[in-house]
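Readers should treat all values here as calculations from the given coordinates under stated rules, not as data from a laboratory. What you see is a predicted model; the values in this text were computed from it and never measured. In this analysis, Cβ positions are derived from the backbone assuming ideal geometry, glycine residues included, and neighbour counts consider all displayed protein chains.
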Amino acid sequence: MRISPPIVESLDSILPDEPLLMMGAGPVPIPAKVAAANGIVINHLGDTMSRIIEQVKAMSRYVFQTNSSHILGVAGPGSAAMEMAVANLVAPTDRVLSVNNGFFSGRLAEMADRVGGDVRRLTIEEGFAASPENVAQAIEDFRPQVLTIVQGETSNTVCNTGLPEICRAAKEAGCLVIVDAVCTLSTMPLNMDEWGVDAVITGGQKGLSCIPGVSLVAFSEAAWTKIEARTDTLKHWCLDAKLADKFWYKSSYHYTAPVSGIMAIHEALRLVCEETLEARFDRHLKCSKALQAGIEGLGLSLYTHGTSRLNSVVGIHVPKGLEQKAILTHISERFKVEISGSFGLDIIRIGQMGEQCRVHNIFRTIHALGSTIQALGGEANLPQGVAMLEKALQDFEPEFSER
Ligand SMILES: *Cc1c(COP(=O)(O)O)cnc(C)c1O
């Protein structure tokens, strides 16, 4: 043997004794039941797997709010689900209007470019939601066959609040709509059928509070009709929806399914069903608004304007005189709380997805953030931050569920 085994450390010695509280823009903490399910491996084909797949599809129909019979899983990150939606719905030379709010919506455009689409980017002013009127105008001018958009742009914490109107305008023009809901699904309303969305993309590790690496895509009837009618052979074998349909609807082999990841997704979806969407939306709204109040109470300023602000991920200006990197390092090392920077922006981001939206987690995060800023020589009013957080929790009125 020429190559000898390397000397490595055990995971125990690499990982911290106390796990970090994952309060960044994903991955997020997972419930114990999801973690346990992720340790299970069974046969990827057969009766047991079929029963589990049937349940995953039934629960997905609830979570996506659709009657679609074309819900497919993907062994891969949220980006693989994005690529599956794009590759199957954008045929070479198709006109694609890509509503571009930032990093992730830009990725959808790039994917559409790569599959040979004729892509026009509608660049939205930084920090603002796309205006339905402007999108409708762009649809009229360009006559796209496909429109891509994110519900929440995780990178700069903008929410496309006009999504229902945008979908309606696209539908009227006979254009298919692909919506990236990776960070938003199950944290805020997304009514796939009612709004007329043709493909909804989600990943595991954000809104669903599951593991990274297994993702879901739901296609509408109109989308499926286009997929079935395509006569060209897709360049992406793994992401070919017609091949994936064999596993998801015909109990047969496409590739070996990520069995343990599907178990984890099953549990994550089951927990959403048990909680109900209404209660879950309220939990997210309550915790995120309270966190935002706490941040402002500390004396920090939020990055995105109120009306365009995403609740699933909260962006905060780095206080003057401090460095983003130093804040992230200090809060992680000293307080065992992990938060995120961003792609090229001078902001820090705190996630409010799934298990991150627990009252004890936001108190700990506000304390850790305020203390970190003080330790680095900045100003943070901790008593006021905590008080405003608490007040926002107490004053919260549910919007979706009964009291
Ligand atoms: C994180 C994210 C993605 C990409 O997910 P990966 O699992 O990292 O591939 C796509 N879109 C949005 C809106 C996201 O937040």
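Here are some notes:
- Acute angle (nearest 10 degrees) that the helix 359-375 long axis makes with the longest principal axis of the chain, alpha-carbon atoms: 60
- Net charge of Cβ neighbours under 13 Å - reference SER301; Lys, Arg +1; Asp, Glu -1: -1
- Semi-axis lengths, Å, region 79-135, gyration tensor of Cα atoms, sqrt of 5 times eigenvalues: 21, 13, 8
- Ranked by the mean number of other Cβ atoms within 10 Å of their residues, highest first, the peptides 309-315, 337-343, 176-182, 30-36 fall in the order 176-182, 309-315, 337-343, 30-36.
- For a modelled paramagnetic label at SER301, 7 Å from Cα along Cα-to-Cβ, the residues of region 369-403 in reach, with backbone nitrogen under 18 Å, are 378-381.
- Against the empirical 2.2 N^0.38 Å (N residues), the chain has a Cα radius of gyration ratio of 1.01.
- For the chain, the longest principal axis of the Cα atoms and the long axis of helix 382-395 meet at an angle of about 50 degrees.
- Once the Cα atoms are used to define both axes, helix 78-89 deviates from the longest principal axis of the chain by about 30 degrees.
- Each part reduced to its alpha carbon centroid, region 47-122 and region 159-195 end up 13 Å apart.
- Unpartnered cysteines - no second Cys beta carbon under 4.7 Å - across the chain: CYS159, CYS167, CYS175, CYS183, CYS210, CYS238, CYS273
- Antiparallel beta bridges, as assigned by DSSP with both residues in region 32-274, represent about 40 percent of the total such bridges.
- Each Cα pair under 8 Å and six or more residues apart adds its sequence gap; the mean of these over the residue count of region 32-274 is a relative contact order of 30 percent.
- Point-charge dipole on Cβ atoms (K/R +1, D/E -1) for the chain, about Cα centre, debye to 20: 560
- Per-residue Cβ neighbour counts within 10 Å put THR161, THR231, THR365 in the sequence THR231, THR161, THR365, beginning with the fewest.
- Amide proton proximity set for ARG309, modelled H, under 5 Å, gap of 5+: CYS159
- From most to least packed by mean Cβ count within 10 Å, the peptides 53-62, 262-271 give 262-271, 53-62.
- As a ratio to 2.2 N^0.38 Å, the alpha-carbon radius of gyration for region 132-269 is 1.13.
- Candidates MET22, GLY76, PHE64 compared by Cα position along the dipole of region 1-127: farthest toward the positive end lies PHE64, with charges placed on Cβ.
- Per-peptide packing, taken as the mean over residues of other Cβ atoms within 10 Å, places 106-113, 238-245 in the sequence 106-113, 238-245 from highest down.
- Inter-part distance, region 339-403 to region 281-308, computed on C-alpha centroids, equals 7 Å.
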